[in-house]
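Below is one structure, written out as structure tokens, with a few remarks after it.
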Amino acid sequence: MKVAVIGGAGYIGSFTVRSLVESGHTVSVFDNLSFGHAAAVHRDAELVRGSLENPAELEGFFQGRAFDALVHFAALTSVPDSVRDPLRYYNANVALSVQLFTAMRKAGVNTALVSSTAATYGVPLQDRALDEEHPTNPTNPYGETKLAMESMLRATVVSDQINPSIAAEDRFRAVALRYFNACGASEDGLLGEDHRPETHLMPNAVRAALGVGASLKLFGNDYPTPDGTCVRDYIHVEDLARAHVMALEALFARRLDGFQVFNVGTGQGASNLEIIEAAGEAAGRPVPYSVEPRRPGDPPELVADSTRLQQTLGWKPRYTSIRQIAETVVRWYKGNPDGYPD
Ligand SMILES: NC(=O)c1ccc[n+]([C@@H]2O[C@H](COP(=O)([O-])OP(=O)(O)OC[C@H]3O[C@@H](n4cnc5c(N)ncnc54)[C@H](O)[C@@H]3O)[C@@H](O)[C@H]2O)c1
């Protein structure tokens with residue numbers, strides 16, 4: 001397959017690019033490096049520096065490359081920032097996605113895989129793990145923009161299905177993967193998480209323990225959970241990357257059709273305190289932290305039921321222990337305390 005990866009120099013994108021290349025696919029990355037890193041892009045993938053904001057750059061990227069499929073990672077991703085500046089988020093995650101899908105269709109590409117999020121569910125209505133049938137009701141603009149992107153893809157797929165002038169093989173097909181908490185680094189220490197600033201718990205806990213980052217802020221310890229801290233589902237980024245490759249291959253082989261949504265998580269919850277403990281054990285030093293007030297809009301618990309992905313594609317997470325994941329993060333930060341060389 002010839003795959004276009006938008007935002008492929010970012011955290012999850014760079015792991016997916018590597019996984020695609022290692023599975024024998026030809027990959028071209030389109031990224032403006034606003035948050036990504038050229039050094040994170042696999043050497044056998046092409047890196048085209050360009051922005052979704054620039055129609056000429058986008059069109060130039062599609063010209064002459066004859067892609068079979070597209071994966072879209074590029075987005076603004078911070079929940080608190082989206083509350084502060086919703087229009088910026090709607091522009092980056094909705095308006096620029098419209099530009100992208102318009103350009104891809106113009107170029108004759110009709111297979112797409114996009115990054116969605118557990119934030120589309122909002123506050124869970126149940127204690128058990130969430131499957132894809134759980135109602136979507138995002139509680140912040142970030143989750144709203146991702147749900148809007150899903151909706152525009154679903155509508156485009158349906159419109160092709162009812163259009164008699166479009167042959168079945170030319171109809172638009174798309175998958176949205178709703179990630180829970182992506183984390184981890186590669187076993188060989190070559191790829192890892194390098195967001196600036198870093199807002200995620202696992203990397204910040206490890207950085208605090210190793211003394212390469214500030215003391216950790218733990219937001220709230222009075223939630224209705226066993227130890228009072230929020231519970232999340234931590235999925236190793238290589239397991240996530242593999243889900244992308246499997247979904248793309250299934251779309252390409254027409255084993256998947258129409259518009260499909262899949263949760264990607266382990267099905268196991270870990271509390272913030274458990275992450276702090278695992279990070280400290282993996283680092284060999286305790287994580288220094290302070291307890292801060294709750295952040296508005298943080299649900300007490302978010303755990304994925306990924307049965308649909310497991311049954312449809314035969315995907316299974318290989319990393320099921322947060323300690324094991326924390327060890328990969330420790331290796332990454334020991335080898336790259338300042339992240340990628342930019
Ligand atoms: N990290 C998580 O835990 C998580 C969880 C759920 C969903 N997601 C979604 O997964 C996707 C990837 O997340 P990530 O953590 O890898 O983010 P990231 O910021 O590391 O990667 C995004 C990439 O897109 C690029 N980009 C952004 N705007 C662009 C533009 N206008 N033109 C070209 N390139 C642009 C950035 O330079 C970056 O390389 C995002 O869509 C995010 O919303 C992430």
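The values are calculated or read from the model by the stated rules, or taken from the named source; none is laboratory data. Keep in mind it's a predicted model, so treat the numbers as computed, not measured. As a convention, Cβ positions derive from the backbone with ideal geometry for all residues, glycine included, and neighbour counts pool all protein chains shown. Quick note on the areas: whole protein, heavy atoms, side chains included, nothing else; ligands and nucleic acids left out. Shrake-Rupley method; radii C 1.70, N 1.55, O 1.52, S 1.80 Å.
Data for the structure
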| quantity | calculated |
| --- | --- |
| Area accessible to solvent at His134, 1.4 Å probe radius, in Å² | 10 Å² |
| Interchain or long-range residues, amide H under 5 Å from Asn140's placed H | none |
| Three-way shape label, the chain, alpha-carbon gyration tensor, a/c 1.5 | prolate |
| Residues with amide H under 5 Å from that of Ser116, placed H, sequence gap 5 or more | Leu177, Arg178, Tyr179 |
| Degrees, to the nearest 10: 201-210 long Cα axis against longest axis of the chain | 50 degrees |
| Rounded, prolate or oblate (a/c below 1.5 giving rounded, otherwise prolate when a/b exceeds b/c) for the stretch 66-128 by Cα gyration tensor | oblate |
| GluC sites (Glu not before Pro) restricted to the stretch 44-99 and DSSP loop, no more than 16 other C-beta within 10 Å | Glu53 |
| Angle between the chain longest axis and helix 322-335 axis [Cα atoms, degrees, rounded to 10] | 90 degrees |
| For the stretch 187-342, share of DSSP beta bridges that run antiparallel, in % to the nearest 5 | 25 percent |
| Relative contact order [Cα under 8 Å, 6+ residues apart], the stretch 1-117, whole percent | 28 percent |
| The chain: relative contact order in percent, alpha carbon pairs under 8 Å with at least 6 residues between | 19 percent |
| Among beta bridges that DSSP assigns inside the chain, antiparallel share in %, nearest 5 | 5 percent |
| Computed lengthening from Thr102 to Val291, 0.36 nm per intervening residue step minus Cα-Cα distance | 63.4 nm |
| Whole-number accessible area per residue in Å² for the stretch 29-129, which is evaluated in the context of all protein chains at 1.4 Å | 47 Å² |
| Whole-Hz ³J(HN,Hα) from phi, Karplus 6.51 cos²θ - 1.76 cosθ + 1.60, for the stretch 113-126, glycine and proline x | 10, 10, 7, 10, 8, 5, 5, 5, 7, x, 7, x, 8, 9 |
| Residue with peak Gaussian network fluctuation, the chain [Cα springs, cutoff 10 Å], from Arg65, Arg173, Arg196 | Arg196 |
| Residue among Asp68, Asp44, Asp239 with the largest mean-square fluctuation in a Gaussian network model of the chain, springs linking Cα atoms under 10 Å | Asp44 |
| In the stretch 95-144, the trypsin sites (Lys or Arg not before Pro) that fall in loop regions by DSSP, at most 11 other Cβ within 10 Å | Arg128 |
| Taking the stretch 159-269 and dividing mean pair separation by its residue count, relative contact order in percent (alpha carbons under 8 Å, at least six apart) | 39 percent |
| For Glu301, residues with placed amide H under 5 Å, excluding near neighbours | Val231 |
| Neighbourhood charge, 15 Å Cβ-Cβ cut-off, centred on Ser215 and excluding it, Lys, Arg +1 and Asp, Glu -1 | +1 |
| Alpha-carbon centroid distance for the pair the stretch 250-304 / the stretch 1-50, whole angstrom | 24 Å |
| Degrees between helix 141-161 axis and first principal axis of the chain (Cα, 0 to 90, nearest 10) | 30 degrees |
| Cβ-placed point charges (K, R +1; D, E -1), dipole of the chain about Cα centre in debye, nearest 20 | 340 debye |
| Candidate lysines - alpha carbon under 30 Å from Lys217, same-chain residues fewer than 8 apart omitted | Lys146, Lys334 |
| Between the stretch 191-220 and the stretch 57-111, the alpha-carbon center distance in angstrom | 28 Å |
